[in-house]
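Asks: Before I ask anything, let me first share the structure, which is written out below as structure tokens.
The values are calculated or read from the model by the stated rules, or taken from the named source; none is laboratory data. Just so it is clear, the structure is predicted and the values come from calculations on it, not from any experiment. Cβ: placed from backbone, ideal geometry, glycine included. Neighbour counts: every protein chain shown.
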Amino acid sequence: MEERSPKKLLGEFLRSRRQRLSPEEVGLVNYGRRRTSGLRREEVAQLAHIGTSWYTSLEQGREVNASQDVLDHIARALQLTEDERQYLHVLARPAQREEKTEDEQQQLQTGMQRTVMALEPNPAFVLDPYWNLTAWNRAAAFVFHLPAFSAANDYKINWIKHLLSGDRLGTDTQERNEKAQAIIAQFRADYAQSPNDVIFQKLVDEFQQTIPIFRERWPMHDVQAVKDRFKHFDDPRIGVMEFEHIVLHPSGNPMMKMMIYTASLDTATRLQAMLKAEV
């Protein structure tokens, strides 16, 4: 298993963003043919107002400490999105996380589990830092085709594998690929927080071996934060469902996520009836 340090990931990310831009896109004159696509390192350095050797050191994963201002200059030069800019900062200036004791983690998990259960008929579930489902309510089990949750079960369902398997993202090829790309980009944003984590790296290796769309998209270094947004699902069992999706991070462990899908009044009424019928 290859070691993945934040500095190495930073270099790979910078190269991927540099190679996707043409001189014309950033206002530079293109003189003659180029052996490779994208901008040259010296052109990025010029646009960011930094030295070429200094920028080259960043791309080569050397121990270079970049200030926030310099990183922002690079982000503007490479025309990064806001999510990509934040990702750049995470890789260049990784934060140290405080480890919680086992008792503290268990208390947090118990509290989050009770919360998602109380949110019926709104689907809700909890993801750990590796995107394993650790708790979900009956509404989430119905909407996302999950087995019934039991705290006594020790099996793990990984959200990436669950979503990218079969037709869970729909049968339309373009729509399915767009959703998969967004999910993988969101997973990369979390991965950047712990690139040296052995468990995280084993997951990435496993997904690259077993999930074709993941193997195709992962080297592209796309990154996207989870956005609060409206969701629509068309399910033959219940019809079209409408939700407002929000993501909450507990203060005790910001790498965990509580995913809440607040149903519209009509959707909530139909979901509640379906859940009662299943009892």
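Asks: Any idea which residue in the range 199-227 is nearest to residue 277 (Cα to Cα), counting only those that are of a type outside the set (Val, Ile, Thr) and part of a loop (DSSP other than H, G, I, E, B)?
Replies: Only one residue fits best here, namely 227.
Asks: For the range 228-260, what are the residues that are under 16 Å from the mean Cα position of the chain (by Cα) and assigned to a loop (DSSP other than H, G, I, E, B)?
Replies: 228, 249, 254, 255, 256
Asks: Quick check on this structure: which one of 254, 236 is more than 18 Å from residue 225 (Cβ to Cβ), out of contact with any helix residue (DSSP H, G or I) (no Cβ under 8 Å at 6 or more places or on another chain) and in the same structural domain as residue 189 (by TED's automatic domain parsing)?
Replies: Within the list 254, 236, the selection yields 236.
Asks: Within the range 220-246, how many residues turn out to be surrounded by 15 or more Cβ atoms within 10 Å (Cβ to Cβ) and within 18 Å of residue 160 (Cβ to Cβ)?
Replies: 7
Asks: Sticking with this structure for a sec: Going by the structure shown, is residue 123 surrounded by fewer than 20 Cβ atoms within 10 Å (Cβ to Cβ), more than 17 Å from residue 210 (Cα to Cα), out of contact with any Pro (no Cβ under 9 Å at 6 or more places or on another chain) and of a type outside the set (Asp, Glu)?
Replies: No.
Asks: Filter the range 60-72 down to residues that are modelled with pLDDT of 90 or more and surrounded by 17 or more Cβ atoms within 10 Å (Cβ to Cβ) and give me whichever is farthest from residue 14 (Cα to Cα).
Replies: 70
Asks: Looking only at residues in the range 182-234 that are touching a strand residue (DSSP E or B) at 6+ places or on another chain (Cβ under 8 Å) and among the aromatic types (Phe, Trp, Tyr), which one is nearest to residue 11 (Cα to Cα)?
Replies: Filtering the range 182-234 for residues that are touching a strand residue (DSSP E or B) at 6+ places or on another chain (Cβ under 8 Å) and among the aromatic types (Phe, Trp, Tyr), the one nearest to residue 11 (Cα to Cα) comes out as 230.
Asks: Residue 258: hydrophobic (A, V, I, L, M, F, W, C) and surrounded by 15 or more Cβ atoms within 10 Å (Cβ to Cβ), yes or no?
Replies: The answer is yes for residue 258.
Asks: Run residue 215 past the list (1) touching a helix residue (DSSP H, G or I) at 6+ places or on another chain (Cβ under 6 Å); (2) surrounded by 14 or more Cβ atoms within 10 Å (Cβ to Cβ) and report the number of the one that doesn't hold.
Replies: For residue 215, the failing item is (2).
Asks: So the check is Cβ under 6 Å with 6+ separation or different chains; which pairs have a first residue in the range 126-144 that's in a strand (DSSP E or B) and a second one that's of a type in the set (D, E, K, R)?
Replies: Matching pairs, first to second residue: 127/257; 132/156; 134/128.
Asks: Answer yes or no as to whether residue 184 is at pLDDT 90 or above, of a type in the set (A, V, I, L, M, F, W, C) and farther than 25 Å from residue 254 by Cα.
Replies: no
Asks: Mind telling me which of the residues 196, 253 ends up being over 30 Å from residue 273 (Cβ atoms) and surrounded by fewer than 17 Cβ atoms within 10 Å (Cβ to Cβ)?
Replies: Just a single option satisfies the conditions, and that option is 196.
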